[in-house]
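Peer 1: A single structure is presented below for examination.
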Amino acid sequence: KAGVTQTPRYLIKTRGQQVTLSCSPISGHRSVSWYQQTPGQGLQFLFEYFSETQRNKGNFPGRFSGRQFSNSRSEMNVSTLELGDSALYLCASSWDSNGEQYFGPGTRLTVT
Amino acid sequence: QKEVEQDPGPLSVPEGAIVSLNCTYSNSAFQYFMWYRQYSRKGPELLMYTYSSGNKEDGRFTAQVDKSSKYISLFIRDSQPSDSATYLCAMSLKTGANNLFFGTGTRLTVIP
């Protein structure tokens, strides 16, 4: 069974731009969560989508948004990029809401 | 104070040693406990998943949860150089909440 895939793997953007990241969950998994990983803050939860609805949200500004499609694929958008948004963005999928999540390889975003 | 505390290490051990990794937490509502392994420039890989106090064994890995002390551990027996990675503990509050709270990670090096 294929794992979680994320595209693109690497991205370089300029301050003020916006970016969209994509995640395809493991086949059959209905929940997709997004995390930000930085050396200073570690892994922090952004939000979770389940059956196309945002079910949980972390403590991030409204510039961070997401959505989930009917096939469970998910996208994350960051608008008005700031230097501090440079991070590894990880997507994780789960069959349901039991916390057993499987991560993708991540998208490394660099904001210059 | 962070909700999940983990000694960042780094930790260096000789090949064949028993490794002990630990996390403490402050929120008694945490119910699900996980250990992830993350290799450099990769996404976290789920190693162990438990939801009750006690021990769970999988090959060379044993996860231990002590809810009364708010303390979880991961033991690695007969450590191998391929075990060299960052180990992250994670926990979630309840079913229906796929937002994981992570420790900062412990960087482990197993020396041949």
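Peer 1: Within region A:40-54, is there a residue that is under 18 Å from A:THR110 (Cβ atoms), among the aromatic types (Phe, Trp, Tyr) and either away from chain B (no Cβ under 13 Å) or surrounded by 18 or more Cβ atoms within 10 Å (Cβ to Cβ) (or both)?
Peer 2: No, region A:40-54 contains no residue that is under 18 Å from A:THR110 (Cβ atoms), among the aromatic types (Phe, Trp, Tyr) and either away from chain B (no Cβ under 13 Å) or surrounded by 18 or more Cβ atoms within 10 Å (Cβ to Cβ) (or both).
Peer 1: Give me the pairs, please: first residue somewhere in region B:1-23 and farther than 15 Å from B:THR62 by Cβ, second residue anywhere and among the acidic types (Asp, Glu) and at pLDDT 95 or above, beta-carbon distance under 6 Å, and either six or more positions apart or on two chains.
Peer 2: B:GLY16/B:ASP78
Peer 1: Against the condition within 11 Å of another protein chain (Cβ to nearest Cβ), in contact with a Lys or Arg (Cβ under 6 Å, 6 or more places away or on another chain), closer than 22 Å to A:GLN37 by Cα and surrounded by 14 or more Cβ atoms within 10 Å (Cβ to Cβ), how does B:THR50 come out, does it pass?
Peer 2: Against the criterion (within 11 Å of another protein chain (Cβ to nearest Cβ), in contact with a Lys or Arg (Cβ under 6 Å, 6 or more places away or on another chain), closer than 22 Å to A:GLN37 by Cα and surrounded by 14 or more Cβ atoms within 10 Å (Cβ to Cβ)), B:THR50 does not qualify.
Peer 1: Among the hydrophobic types (A, V, I, L, M, F, W, C), more than 16 Å from A:LEU43 (Cβ to Cβ) and within 13 Å of the chain's Cα centre (by Cα) - does that describe any residue in region B:55-62?
Peer 2: yes
The values are calculated or read from the model by the stated rules, or taken from the named source; none is laboratory data. Bear in mind the structure is a predicted one, so any value in this text is a computation, not a measurement. Glycine gets a Cβ as well: all are built from the backbone with ideal geometry, and neighbour counts include every protein chain shown.
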